[in-house]
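For reference, the structure is listed below as structure tokens.
Values in this text are rule-based calculations from the coordinates and carry no lab data. All values derive from a computational prediction rather than experimental measurement.
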Amino acid sequence: MRPIAIAVSVAILGLGVATLAQTQTESVEQELVKLENDSLQAFLKNDVAFYERFLADGYMGTDEHGNVRTKAQEIAEIKAGAHLSTAGVQDNIRVRIYGDAAVVTGCNIMKGLFKGKEYSSPYLWTDTFINLDGRWQCVASHVSKPIREQK
């Protein structure tokens with residue numbers, strides 16, 4: 001009888017650990033989705049203070065034209081008001097967690113002005129995060145435009 005009690009105890013402990021791990025993963029996923037939503041709102045408001053916290057010091061971002069920017073260059077562009085986006089919608093956000101690293105992908109449909117020119121366009125994006133000192137920060141971003149079928 002004793003081996004059965006030990007086996008049941010081990011099974012219950014294993015189930016508890018698995019449940020805790022799943023709960024923690026879901027919590028991190030929710031935190032990263034919130035960060036992405038906050039990032040979109042900060043982008044629409046040219047919120048420099050948000051991006052100072054959101055982007056890691058070693059951040060590198062690649063835009064849809066292949067231009068690569070550091071954190072300082074991204075912040076300078078926001079301060080200069082180069083982005084005058086008036087609306088944005090995020091869709092299809094997916095989070096993949098790898099310990100203290102995470103990859104988040106999604107699609108934004110943005111409208112507004114960029115350097116005086118009107119635009120309305122969908123963008124696919126990938127953000128890579130690292131948990132630094134208990135806080136998720138974006139270390140790399142890549143944005144591209146979806147390829148459309150030719151008619």
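Here are some notes:
- Cross-link pairs exceeding 20 Å in C-alpha to C-alpha distance, out of 34/145; 34/117; 45/145; 117/145; 34/79; 79/115, comprise 34/145; 34/117; 45/145; 34/79.
- Global form of the stretch 74-123, assessed from the alpha-carbon gyration tensor, a/c cut-off 1.5: oblate
- Using the Cα coordinates of the stretch 94-151, the gyration tensor eigenvalues translate into equivalent-ellipsoid semi-axes of 29, 15, 7 Å, sorted from longest to shortest.
- Taking every C-alpha pair closer than 8 Å and separated by at least 6 residues, the mean separation divided by the residue count of the stretch 22-151 gives a relative contact order of 23 percent.
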